[in-house]
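See structure below.
The values are calculated or read from the model by the stated rules, or taken from the named source; none is laboratory data. These numbers come from a predicted model, not from an experiment. Using ideal geometry, Cβ is built from the backbone for each residue, glycine included, and neighbour counts are taken over all protein chains shown.
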Amino acid sequence: MRTRRTGVTICIYLFLVVGACISLIPLLWLIRSSFMSTEDMFKLPLILFPRKLRLMNYVDVFTMVPFARFYANTIFVVVFNIIGAMISNLMIAYGLARIEFKGRGLMFCLSIGTLMLPANVQLIPLFLEWNWFGQIDTFLPLIVPAFFGNAFFIFMLYQFLRTIPRDFDEAAFIDGASYPVIIAKIIFPLMKSAMVVVAIFQFMFTWNDFMSPLLFLNSVNRYTLAVGLRAFISTFYTPWGVLMAAATLTILPLIILFFIAQRYFISGLTVGGIKG
Amino acid sequence: MKNRVVLFISILILIGAGLCFANGQKAASSDQVKLTYIYWGSPAEDAAVKQALAGFEAANPTIKVEPMYLPGDLDGSTYNAKMKALAVSNTLPDVGYFRPEEFGNYAENGYFLKLDDLIARDGMGDAYLPQTWLKIKGDTYGAYSAAECQVMWYNKKVLRDAGVPTPPTDYKNAWNWDQFVSYLKMITIDTKGKHPGDSGFNGKDIARYGVSYDLWSAMYYPSVWSNGGDIIGLDGKTVLVDKPETIEAFQNLADLMNVHQVMPHVTGGTNISPTTMLANGQLGFYVTGQWTLLELGAMKDLDFGVAALPIMKKPAQLYVSGVNVVFNSTKHPEEAWALQKWMMDPAKTLDLYTSGLWMPTKKSYYTDPSDIAKWLENDVHPEGFKEAVVDSMAISINEPIKIKNINQIWGDYLNPAIESIWIGDKTASQALKEAAGKIRNSGLLQGSY
Amino acid sequence: MSLPKKGLNAKRQTLWGWILISPLCLGLTLWVAFPMGLSFYTSLTKWDMLSKAQFVGFQNYIKIFTEDELFLKSIRNTLYFTVLSVPLQMIIALMGALLLNSQVKGKGVFRTIFYLPSLIPIVVSSIMWLWLFNYQYGLINYFLHFLGGGRVKWIDSTQMVIPSLTIMNIWNIGNVIIIFLAGLQGIPNDLMEAVDIDGGRYWHKFRFVILPLLSPIILYNMIINSIKCLQLFVEPYIMTNGGPVNSSLSFVLHIYNNAFKYGKMGTANAMSWVLFILTMCISLIIFKTSKQWIFCEGDKQ
């Protein structure tokens, strides 16, 4: 019995390590390149690791574009987006999944339907709308929509709610709790893992979104990181090392944040015992 | 723990809010005229444009210019998307860069200010290269921002090592194609030092290539024209891409990769970084746009030269660039024109020219020795640049951007056909004849603007 | 079925329902109704957004089916990519999630590493893969060559380009994994323990506990991934521009070209609606077949 256990464990680690290598190699490649001059990057035979760390690329990132400013702008937009997404999507998903009322099926289908029309043909109409509101070149077009739910998350939380037994809500009802209380006190803790996913995804969508900031903002000092990153990519001239350094700087906070956030993937249903 | 998270978030929000307010405080005083200047480009171009705009503000204290910079110009489509959003919402800027392929359509729909009277008033018409002014049905609506063309760089050390003589710089007396190919074979070696044609030459492991051509639409014209061919007639109704001369030109280029094995295969339509390969001595020649000089000039260790483009049948050169326009919706046409004129004057944006990014559109910078010295005499421009590149602008022909649907003809039909030649799936004759037939039936040949 | 028989009457329940989904209703009116409406109207016109729109009825729809040979080609490419990607992604992601959910040391680090690829902005990862796939200088061919194999033309060949994009897509699987991972957290421990007590093997646990309890999440991932694959855009846009010879021209790239490069807004919008209907059909098929294998704790009592 014991030997089989060890065998299984070794197998698990083997798979994990192989998977980790495949995931890591492109990233390591990125970081490696960020410390190299463009000339060295293309030498044959390939130079796998730079002999001397070249920090100039990182300095260039900040001198060639106002990268620090882009950072601050992006964080500002991202924070509101996460708050908006967590509140609105949980509310909507609960309403659709748990409360029986006429029209909820239709509303659910409508919201899923919004995922199916490609986003890029809708950009110009959205621009027109924000222009009518007089909000072009402000952060509002990048923030406000997050407070109105996103079908991607609504559908996800809806599916997660389907895995949670209804006994929990019912018990609370008997105690006379109202819906907002049930959502905040019972559903939210049970859905912690899913909510972390919402936060991470919303963070990434906003962090990496290029087209909407480019369209809705006019002033360079309001641009976000994703737009700033594109300054280093062009058909005619791409400073590879600087681009790689900028990319590394862009994803670094994401890595740290994810490492912290994944700890919240603890079993949400240890209370499951109640059900018995 | 929870408190700390809340504290952290509130600090972030405060920082952000502070930034927003900081942004808000820059209302111009009421007697000032405010212009918006829209443009694309690399960070270096951005810096040079900002400097020129600041110079303009200093010279015209009553005018304030707001730069609207769009980075990330991969194929111009994001710039076009933004432009369209601005046009359809009536919020176009006053002056700025414009994508050449969209020029005709916007001009025809009245989005640009007609410049003829202003040009005549200020006596500018003859001061600039005749190719510079962009006319639609006889009226001028814009000007090329710069004069850009195709050039051939080479790594001097590679040529010396390979025993290739110094290439001619006179664009009228350049190497002919066969000479060129034979030199390329001398340069190309595999990892064991063998040349193409030697027994045991390994085409899969090449250490040094003879040449790399940039392979995208505008860059085909000089070769095609040099062989006496063409792509689409200027009337926008005749397809010339299946002319034997055109076919031969494309086959010549494809043979560099597939037959002579002196040119690297392209990945995803482009080679990753030929400038770097040139600098590393992995490449003898690099045929590309003259703007790459900005990048090469900054590589201090690279000893590079410029050669006249090889001639298939006759010398040919291309005139290509972004466009500069004044938008018709501007409330201050006089000031906007003044800004346009400022940006067209090489003396005001000299950095863009000395760094190698652009070539001037003003005539005196091609004829007057003191003006020539201003932009050519520096560490960046290699010896022979004047004879090989600057002088060749005399025979340059504009990229045909006024043909209707030309973008779609390239995108849907020509590019795929040409790709199939590059990857060796079809011969130029098969691919281009097939494409020509499809274009004729596509309904896209609707004349020109 | 209906939950609170006691406590709230039907009317108040309806009221609460609408209150909770009010952001959705507002959002649909504000950010969806107008763009979709305009998009549909545009699909019935010949319009470059500069001159006046000409109403042409369903001509755009007829034309894309009869005259545009690239339209069908782009659908074929996209479906090929979807059929290749989705099943592989689902299987590998589920396996990955199960591994990352097992009791191993350094779980957090592994989870972060597996998620890393998804953190890289897609533009940057596309450029990186352009390098990795490069025939001459790419790392993949470098290793193949090192191991004694020949070099492979990845995105330079008409046959390999879609499989290459699939490989890249599978590498970028983190999003699917963490949704599965979050789903696994919701499986009550007592059920798992019950199998252990019955002396069940891991396979039994997987077959009778994990799979049924995870089925709503599997359904979700399947649908969302199919939609995402059908909307493949950035990778071919940056890496291949649809080539070589249009063999990686995805549907959305074709729409994008028509809208922003060729100025054919009407055509682009008509294509978007075709994509809308195509996506809808595929989702419906998945939904309908899912009834047989899905198990919902929250739906049935």
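Considering only residues that are assigned to a helix (DSSP H, G or I) and not hydrophobic (A, V, I, L, M, F, W, C), look in the stretch A:137-162 and name the one that is modelled with the lowest pLDDT.
This residue is A:R162.
Look through the stretch C:243-268, keep the residues that are of a type in the set (G, A, S) and more than 8 Å from every other protein chain (Cβ to nearest Cβ), and return whichever of them is nearest to B:P100 (Cα to Cα).
Filtering first and then ranking leaves C:G266.
Could you identify the single residue in C:L94, C:L99 that is without any contact (Cβ under 8 Å) to a residue 12 or more places away in the chain, assigned to a helix (DSSP H, G or I) and within 30 Å of C:W203 (Cβ to Cβ)?
Exactly one residue qualifies, and that residue is C:L99.
Considering only the stretch B:73-95, how many residues are touching a Leu at 6+ places or on another chain (Cβ under 8 Å), hydroxyl-bearing (S, T, Y) and closer than 21 Å to B:L113 by Cβ?
2
With the requirement that a residue be buried (at least 19 other Cβ atoms within 10 Å of the Cβ) and either at pLDDT 85 or above or touching a strand residue (DSSP E or B) at 6+ places or on another chain (Cβ under 6 Å) (or both), what does the stretch A:168-189 give you?
A:Y179, A:I182, A:I183, A:I187
For the stretch C:164-171, does any single residue satisfy the condition of being over 19 Å from C:N134 (Cα atoms), in a helix (DSSP H, G or I) and within 13 Å of chain A (Cβ to nearest Cβ)?
No, that holds for no residue.
Out of C:M280, C:M271, report the one residue that is at the interface with chain A (Cβ under 8 Å from one of its Cβ atoms), out of contact with any Leu (no Cβ under 8 Å at 6 or more places or on another chain), part of a helix (DSSP H, G or I) and of a type in the set (A, V, I, L, M, F, W, C).
Going through C:M280, C:M271 in turn, just one is at the interface with chain A (Cβ under 8 Å from one of its Cβ atoms), out of contact with any Leu (no Cβ under 8 Å at 6 or more places or on another chain), part of a helix (DSSP H, G or I) and of a type in the set (A, V, I, L, M, F, W, C): C:M280.
Here is a check on your reading of the model: is A:F76 of a type in the set (A, V, I, L, M, F, W, C), modelled with pLDDT under 85 and crowded, with 20+ Cβ neighbours inside 10 Å?
In short, no.
Go through the stretch B:202-281 and tell me which helices (runs of 4 or more DSSP H), entirely inside it, have 2 or more residues that are away from chain A (no Cβ under 14 Å) and polar (S, T, N, Q).
B:217-226, B:244-258
Among helices (runs of 4 or more DSSP H) lying entirely in the stretch A:1-92, which contain 1 or more residues that are away from chain B (no Cβ under 14 Å) and more than 26 Å from A:I255 (Cα to Cα)?
The qualifying helices (runs of 4 or more DSSP H) are A:2-34.
Give just the number: which of (1) surrounded by fewer than 19 Cβ atoms within 10 Å (Cβ to Cβ); (2) within 13 Å of another protein chain (Cβ to nearest Cβ); (3) under 25 Å from A:A246 (Cα atoms) does B:Q51 not satisfy?
(2)
Residues of the stretch C:118-147 being part of a loop (DSSP other than H, G, I, E, B), more than 7 Å from chain A (Cβ to nearest Cβ) and of a type in the set (F, W, Y), which ones?
C:F133, C:Y135
Can you tell me which residue within the stretch B:103-132, out of those that are closer than 18 Å to B:P333 by Cβ, in contact with a Phe, Trp or Tyr (Cβ under 8 Å, 6 or more places away or on another chain) and more than 14 Å from chain C (Cβ to nearest Cβ), is surrounded by the fewest Cβ atoms within 10 Å (Cβ to Cβ)?
Top of the filtered list is B:K114.
Looking at the structure I just gave you, is A:P165 without any contact (Cβ under 8 Å) to a residue 60 or more places away in the chain and either within 8 Å of another protein chain (Cβ to nearest Cβ) or surrounded by fewer than 21 Cβ atoms within 10 Å (Cβ to Cβ) (or both)?
No, not satisfied.
In this structure, is B:L445 among the aliphatic types (A, V, I, L, M) and surrounded by fewer than 22 Cβ atoms within 10 Å (Cβ to Cβ)?
Spelling it out, B:L445 is indeed among the aliphatic types (A, V, I, L, M) and surrounded by fewer than 22 Cβ atoms within 10 Å (Cβ to Cβ).
Taking B:K362 as the residue in question, decide whether it is in contact with a Pro (Cβ under 8 Å, 6 or more places away or on another chain), crowded, with 19+ Cβ neighbours inside 10 Å and touching a residue at least 40 places away in the same chain (Cβ under 8 Å).
Yes, satisfied.
Being more than 7 Å from chain A (Cβ to nearest Cβ), in contact with a helix residue (DSSP H, G or I) (Cβ under 7 Å, 6 or more places away or on another chain) and of a type in the set (G, A, S) is the filter here; which residues of the stretch C:92-117 pass it?
Result: C:A93, C:A97.
Between residues in the stretch A:11-27 that are closer than 14 Å to C:I167 by Cα and residues that are surrounded by 12 or more Cβ atoms within 10 Å (Cβ to Cβ) and polar (S, T, N, Q), which pairs lie under 9 Å by C-beta distance while being six or more apart or on different chains?
From the stretch A:11-27, the pairs are A:P26/C:S125.
Within the stretch B:18-46, restricting attention to residues that are in a helix (DSSP H, G or I) and facing chain A (nearest Cβ under 8 Å), which residue is modelled with the highest pLDDT?
B:D46
Within the stretch B:421-430, count every residue that is assigned to a helix (DSSP H, G or I) and more than 9 Å from chain C (Cβ to nearest Cβ).
Looking only at that region, the number is 4.
Being within 11 Å of chain A (Cβ to nearest Cβ), in contact with a Leu (Cβ under 9 Å, 6 or more places away or on another chain) and at pLDDT 85 or above is the filter here; which residues of the stretch C:284-295 pass it?
C:F287
Given the residues C:G199, C:G186, which is the only one that is modelled with pLDDT under 85 and at positive phi?
The unique qualifying residue is C:G199.
With the requirement that a residue be farther than 30 Å from C:A259 by Cβ, acidic (D, E) and crowded, with 17+ Cβ neighbours inside 10 Å, what does the stretch B:365-414 give you?
Hits for the stretch B:365-414 are B:D371, B:E387, B:D391.
Does at least one position in the stretch B:400-408 carry a residue that is at pLDDT 95 or above and touching a Phe, Trp or Tyr at 6+ places or on another chain (Cβ under 8 Å)?
No, every residue in the stretch B:400-408 fails to be at pLDDT 95 or above and touching a Phe, Trp or Tyr at 6+ places or on another chain (Cβ under 8 Å).
If I filter the stretch A:190-209 down to residues being more than 9 Å from every other protein chain (Cβ to nearest Cβ) and in contact with a Ser or Thr (Cβ under 8 Å, 6 or more places away or on another chain), which single residue comes out as modelled with the lowest pLDDT?
It comes out as A:D209.
Run down C:T82, C:T78 and say which single residue is away from chain A (no Cβ under 13 Å), touching a residue at least 60 places away in the same chain (Cβ under 8 Å) and not small (G, A, S).
C:T82
From the set of residues in the stretch C:19-47 that are at the interface with chain A (Cβ under 8 Å from one of its Cβ atoms) and of a type in the set (G, A, S), which is nearest to C:F276 (Cα to Cα)?
In this case the residue turns out to be C:S39.
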